[in-house]
Amino acid sequence: MRVTAAGLLFVSLLGAAEVGPERGALLVVGGGELGAEIRRTFLELAGGRGAALVVIPTAGEGEPYGQDHRDAELWRGVGFGEVTVMHTRDRAVADTESFAAPLRKARAVWFSGGRQWRLVDSYRGTRTEREIAAVLERGGVIGGTSAGATIQGSYLVRGAREGNTIMMAPGYEQGFGYLRNVAVDQHLIARKRERDLLPVVARLPKLLGLGIDEGTALVVKGDRARVIGVSKVAVYEHGSRAAEGYYFLEAGGEFDLRLRRRAGAVQGAGGVK
């Protein structure tokens, strides 16, 4: 495993005090079934029934995607109002004002699952990426599951085009950075990935690793994260004295992303926070 100098520089420059978004919220889902609590929370963060939503299914391998995409139908059923499916594999198209236009009135964006490198290839550095970030700046919410969770971190894991078992891939190490100085993994326990972030944080010691299991989500506002759903979130730090090199946050638990400890907690026995 190797990491490029560019990847190291990107992580080091993002060591800001504010880890999460300064405005708005994130819903970071580890894949699997979106339970009622997760669905309800996403709608609430968007402002409630009737909120405008953009669904981005580009991480998937299918082609084309219409307005009847399954995730669009799911969110319409939850109570979102105007739901628009936005998809292209052409960066030139993604950089146009007309393509990005639905994002300017959206209160929420949803990234569907698949492979995160497809999101990088289509949207990184384009007008579309900037307009997605602007949804947060207006106080909206960005959500996503599986690849749509990992893309929200600043350091991109499992980004290799060759396969999703490669954790660090030159050319695909930069996510969209809604969570700064953070790498997000998903399907954690369901796919026995509990140890996969350990070498990443060992190579990039300033990085915070968050591994989210299926049916589980982190709700992030500013530097405060809360676990919802049916399973757990694992926390990884370089030099952790936790027995396995990581520790779990249970559903209902809260975490301070800036201080890197359970919210309201102090350093505990054995160094586990």
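The values are calculated or read from the model by the stated rules, or taken from the named source; none is laboratory data. Please read these numbers as outputs of a predicted model, since none were measured by experiment. Heads up, the Cβs are rebuilt from the backbone with ideal geometry, glycines too, and the neighbour counts pull from every protein chain shown.
Laid out as a table, the results:
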| read-out | value |
| --- | --- |
| Residue that is nearest to Leu26 (Cα to Cα) [pool: residues in the stretch 42-69 that are loosely packed, with under 12 Cβ neighbours inside 10 Å and among the charged types (D, E, K, R)] | Arg49 |
| Number of positions in the stretch 101-120 that are farther than 23 Å from Gly30 by Cβ and charged (D, E, K, R) | 3 |
| Segments classed as helices (runs of 4 or more DSSP H), wholly inside the stretch 1-107, with at least 1 members that are farther than 25 Å from His187 by Cβ, at pLDDT below 95 and among the hydrophobic types (A, V, I, L, M, F, W, C) | 5-13 |
| Output for the stretch 123-149, where each listed residue is in contact (Cβ under 8 Å) with a residue 60 or more places away in the chain and surrounded by fewer than 21 Cβ atoms within 10 Å (Cβ to Cβ) | Leu136, Glu137, Arg138, Gly139 |
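Table: residues versus (1) in contact (Cβ under 8 Å) with a residue 60 or more places away in the chain; (2) basic (Lys, Arg); (3) closer than 27 Å to Ile212 by Cβ.
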position	(1), (2), (3)
Glu18	yes, no, yes
Leu27	yes, no, yes
Gly35	yes, no, yes
Arg39	no, yes, yes
Glu44	no, no, yes
Glu73	no, no, yes
Gly79	no, no, yes
Val83	no, no, yes
Thr96	no, no, no
